[in-house]
Amino acid sequence: MGLFLLWFLFGIGIFIQIIYLLVIFGRTAFYKLPKSGGSTADEEAVTVVVPAHNEYKNLKVLIPKLFEQDYPKYDVLVINDRSTDRTKRLLEEMMAIYPRLRSVTVKYTPSHVTSKKYALTLGIKVAKSDVILLTDADCIPASDQWIRKMTQPVRTQDKVFSIGYSGYERVSGFLNKWIQFETLKTGLYYLSFALWKAPFMGVGRNLCYRRSFFMEVKAFKGIWHIEGGDDDLFVNRYATGKNTAVVIDPEANTLSKPKENWKEYKVQKKRHLHAGKYYRGEDKRKIGFYALSHALFWIGGLGLLIYFGLEGNWERFLIVFGIILVRSFLLLGIFTSASKKINGSKVPANILINDFLYLGYFWVLGSVSHQSKDIQWK
């Protein structure tokens, strides 16, 4: 009975894994990059919105980068959210240098709402343009074509949402290798399902939508009280296969500074994973089926290897090991191809090791985040 159960778990796991890797993640891995379109004389104006809380050092780098963009009609709006550092003085100095830079200062946050959503709402309300392009203060555009490419579906294809990818700088150390892997995996989830006309999330570090739609649905109505979710929960509520487009292009990415220690990373991921608690049921299942099949695959596979190894049944041991090996090569191939399409770069290191470690990450940290009540933005 125990042997049958192990085979059953292993079989179900590998079956679902192959479906996800080839049919779903394959949409990103085998995606054909569109031909670059030229500029037009009547390109719609864009407002780049940057929420910032004590981001003096990051804004000092970001703001000049934003004004290197090759796009004719745009302004930059920085939302100074209760900053106590030199952010205000920096913005005043920068506005004297860059006429298209504006700022909004948030002095307090009402008790019934979360700080970042409140700050974003105040900023978006006074944005000059209907096309809003969001990023964070610790991000920089990957190229001078970022505005043009990220906003193109909203400006020219009558889309409400344009979902992009935001990666992290590569530095040495195991934590960074893990961040690269987990970020690429998350990107595979939401980009692939959006390509399948079933979008369920986006990241606020690289997200575009129309201000008029934001105001029409009354901003973050229904999710004001949830810390985080200003990006993924907003997309989860309102994005559809018809009103949403995906932008997969290395030139349309943003690049963020990675967390430098496990404590900061844990705070960040708890916030991200906690928001998933409020996804629609069907979207929870999109993530859950992969995570469950991933666990069944490894539990069943390792269980069979141990069983046949102890029995000395090396023929069946090699069959199971061969199946695991095939799935590993398939995973590596999909991730390698997807990384080239998304980032224009090689796949992150330690993919196969991190794939195994993902078991603990998802089930342990995910469970803790689901129950946590100490979620915070800053």
Of Gly300, Gly288, the only residue that is buried (at least 20 other Cβ atoms within 10 Å of the Cβ), under 30 Å from Val320 (Cα atoms) and outside the structural domain of Leu184 (by TED's automatic domain parsing) is Gly300
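Quick check, is Ile132 among the β-branched types (Val, Ile, Thr) and part of a strand (DSSP E or B)? Walk me through how you get there before you give the answer.
Working: among the β-branched types (Val, Ile, Thr): yes; part of a strand (DSSP E or B): yes.
Against the criterion (among the β-branched types (Val, Ile, Thr) and part of a strand (DSSP E or B)), Ile132 qualifies.
Here's the yes/no breakdown for (1) of a type outside the set (Gly, Ala, Ser); (2) outside any helix (DSSP H, G or I); (3) assigned by TED's automatic domain parsing to the domain that holds Ile163; (4) surrounded by fewer than 18 Cβ atoms within 10 Å (Cβ to Cβ):
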| position | (1), (2), (3), (4) |
| --- | --- |
| Ile19 | yes, no, no, yes |
| Glu43 | yes, yes, yes, no |
| Val78 | yes, yes, yes, no |
| Glu92 | yes, no, yes, yes |
| Met95 | yes, no, yes, yes |
| Pro99 | yes, yes, yes, yes |
| Pro110 | yes, yes, yes, yes |
Filter segment 41-97 for residues that are within 24 Å of the chain's Cα centre (by Cα) and polar (S, T, N, Q); the one that is farthest from Asp231 (Cα to Cα) is Gln69
Looking across segment 336-378 at residues that are modelled with pLDDT of 80 or more and aromatic (Phe, Trp, Tyr), the single one that is surrounded by the most Cβ atoms within 10 Å (Cβ to Cβ) is Tyr358
For segment 293-322, the count of residues that are within 19 Å of Leu5 (Cα to Cα) and either in contact (Cβ under 8 Å) with a residue 24 or more places away in the chain or not in a helix (DSSP H, G or I) (or both) equals 14
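So, of the residues in segment 197-212 that are among the hydrophobic types (A, V, I, L, M, F, W, C) and at pLDDT below 95, which turns out to be surrounded by the most Cβ atoms within 10 Å (Cβ to Cβ)?
By that ranking, first place goes to Met201.
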Contact list, first residue from segment 155-184 and not assigned by TED's automatic domain parsing to the domain that holds Ser212 and assigned to a helix (DSSP H, G or I), second anywhere and buried (at least 18 other Cβ atoms within 10 Å of the Cβ) and hydroxyl-bearing (Ser, Thr, Tyr), beta-carbon distance below 8 Å, six or more apart or interchain, is none
Within segment 246-261, identify whether any single residue is more than 30 Å from Ala45 (Cα to Cα), of a type outside the set (Phe, Trp, Tyr), in the same structural domain as Tyr74 (by TED's automatic domain parsing) and surrounded by 21 or more Cβ atoms within 10 Å (Cβ to Cβ), and answer yes or no.
-> yes
Inspect all residues belonging to segment 205-224 and state whether any of them is outside any strand (DSSP E or B), more than 21 Å from Pro348 (Cα to Cα) and of a type in the set (Asp, Glu).
yes
All-but-one check, Gly288 against (1) in a helix (DSSP H, G or I); (2) of a type in the set (Gly, Ala, Ser); (3) touching a residue at least 40 places away in the same chain (Cβ under 8 Å), failing number (3)
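Could you tell me which of the residues Tyr56, Tyr31, Tyr74 is surrounded by 21 or more Cβ atoms within 10 Å (Cβ to Cβ) and of a type in the set (Ser, Thr, Tyr)?
Details: Tyr56 fails: surrounded by 21 or more Cβ atoms within 10 Å (Cβ to Cβ); Tyr31 fails: surrounded by 21 or more Cβ atoms within 10 Å (Cβ to Cβ).
Among Tyr56, Tyr31, Tyr74, only Tyr74 is surrounded by 21 or more Cβ atoms within 10 Å (Cβ to Cβ) and of a type in the set (Ser, Thr, Tyr).
The values are calculated or read from the model by the stated rules, or taken from the named source; none is laboratory data. Computed from a prediction, not measured in an experiment: that's the story for all the values here. Using ideal geometry, Cβ is built from the backbone for each residue, glycine included, and neighbour counts are taken over all protein chains shown.
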